[in-house]
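A quick write-up on the structure given underneath.
The values are calculated or read from the model by the stated rules, or taken from the named source; none is laboratory data. The structure displayed is predicted, hence computed values, not measured ones. All Cβ positions, glycine included, derive from the backbone under ideal geometry; neighbour counts span all protein chains shown.
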Amino acid sequence: MPQHHIRAAAHDRDVGMAKITALSWRAGAAGVVIAGLLTFAFGHHVAASSGPAVPRNDQGSILIPAQPPAPAAGSGQVTSGAS
Amino acid sequence: MTTSEITRDTFAVFGTTAVLLVTTPRAITPARAVADRVLAEVDLACSRFRPDSELARLNAAGGESVAISAVFADLLAAALRAAKLTGGDVDPTCAHALASLGYDRDFADVRKAGAQSPRLTGPVGPVGPVPGWGRVRLDRAGRRVRLEHGAQLDLGATAKAWAADKCANQIADRVGCGILVSLGGDVAVGGEAPPDGWRVRVTDDHAAPSWAAGQTVTISSGGLATSSTTVRTWTVGGRPVHHIIDPSTGEPARSCWRTVSVAAGTCTDANTASTAAIVRGAAALDWLHDIGLPARLVRHDGTVETTAGWPRDDPDDAA
């Protein structure tokens, strides 16, 4: 193959690689921006569901109930008092 | 499941009343069988009033290392965990303090003895701080324990609640139903709860009727426990005393609360917190709020405080 063809092919290869690299960086950056936007938009739902409503599984602290007691009318099925 | 399908069994245990509620009628017999087995194991392990219990043998061992069962190791670990999580306000080394107040036998006999017992009518001086849970050397893996410096154990503050948790968990796993276990007012639930939850009336005395002064709430998981200075009471030398010992003095706690109810992830933790709240007095409000535990605290005059999402009392249903 003539030398000028080889140089042209190498040049085309380098140009192609540069385009792919630039495209990858842009896609990565766009992903970071989109992830940030999604976190900003919906992060409060995650925070709300990971608060005191979820029992802690570690045994190094008193376990919080999954939900606090709810109000109810009338008598109870059982009584909780001292014995 | 409907409310009408909920089936009940009530029986005596540990000198108090046990209640089982199941969501499937056919589950009540196997649930009772599981509960009987668990409760018998717990009684043999840690009754303070059975000479053949592991606890009695350990207290009589004079500081020697004693081999223990897996059940006793678990019960003691739960008691030590309660002590650690409350900074020692719930301490298992209060047996001597209780005995010095005459509470060295089944409580029904303590009340019967009353003024007839010279031990209960004479002047009783302060016993001082309890030895402290740091005097208990538990080798849980090796299943051995040793009590240092004359420490004597009473697991009454946690054992009943631990047994309620154990019953509820095992019944849910083995019988496959929704279950509520109440042991003298220490309530643990397991499995799938009824659609509207389990209705629990919180009041001073677990033996009070289900419409007694207090508040009705529902729970669907975990546990709920109530501690009070108004129920397990007797007199010593004309002085009224109760069974919740302040470890820092060795005396019955002088609390601004007459009754505290707590909901937690387990009945053991609920009972740990309700007992600690009685001992801590006014400081308990901030403590419960800071750790996010829903609680209802009743002062001696009947006024009520709540924390961390515990519902407010219905004005038409006063404490």
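Data overview
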read-out	value
Odd one out for residue B:234 among (1) surrounded by 24 or more Cβ atoms within 10 Å (Cβ to Cβ); (2) at pLDDT below 95; (3) hydrophobic (A, V, I, L, M, F, W, C)	(1)
Within the stretch B:243-284, considering residues that are farther than 18 Å from residue B:84 by Cα and charged (D, E, K, R), the one surrounded by the fewest Cβ atoms within 10 Å (Cβ to Cβ)	B:254
Single match in B:257, B:310, B:287 (criterion: away from every other protein chain (no Cβ under 11 Å) and of a type in the set (Phe, Trp, Tyr))	B:257
Matching residues in the stretch B:220-242 - criterion: being part of a strand (DSSP E or B) and either at the interface with chain A (Cβ under 7 Å from one of its Cβ atoms) or under 20 Å from the mean Cα position of the chain (by Cα) (or both)	B:223, B:224, B:225, B:226, B:227, B:228, B:233, B:234, B:241, B:242
Residue in the stretch B:80-101 that is modelled with the lowest pLDDT, counting only those that are surrounded by 22 or more Cβ atoms within 10 Å (Cβ to Cβ) and of a type in the set (Gly, Ala, Ser)	B:97
Residue within the stretch B:161-175 that is farther than 18 Å from residue B:267 by Cβ and out of contact with any Asp or Glu (no Cβ under 6 Å at 6 or more places or on another chain) present	yes
Yes/no for residue B:214 being facing chain A (nearest Cβ under 8 Å) and either under 17 Å from residue B:39 (Cα atoms) or surrounded by 21 or more Cβ atoms within 10 Å (Cβ to Cβ) (or both)	yes
Complete set of residues in the stretch B:284-314 that are touching a helix residue (DSSP H, G or I) at 6+ places or on another chain (Cβ under 9 Å), in a helix (DSSP H, G or I) and within 19 Å of residue B:256 (Cα to Cα)	B:284, B:285, B:287, B:288
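So that you can scan it fast, the table gives a plain yes or no per residue for (1) part of a helix (DSSP H, G or I); (2) surrounded by 20 or more Cβ atoms within 10 Å (Cβ to Cβ); (3) at pLDDT 95 or above:
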{"residue": "B:45", "(1), (2), (3)": "yes, yes, yes"}
{"residue": "B:73", "(1), (2), (3)": "yes, yes, yes"}
{"residue": "B:78", "(1), (2), (3)": "yes, yes, yes"}
{"residue": "B:127", "(1), (2), (3)": "no, no, no"}
{"residue": "B:137", "(1), (2), (3)": "no, no, yes"}
{"residue": "B:150", "(1), (2), (3)": "no, no, no"}
{"residue": "B:160", "(1), (2), (3)": "yes, yes, yes"}
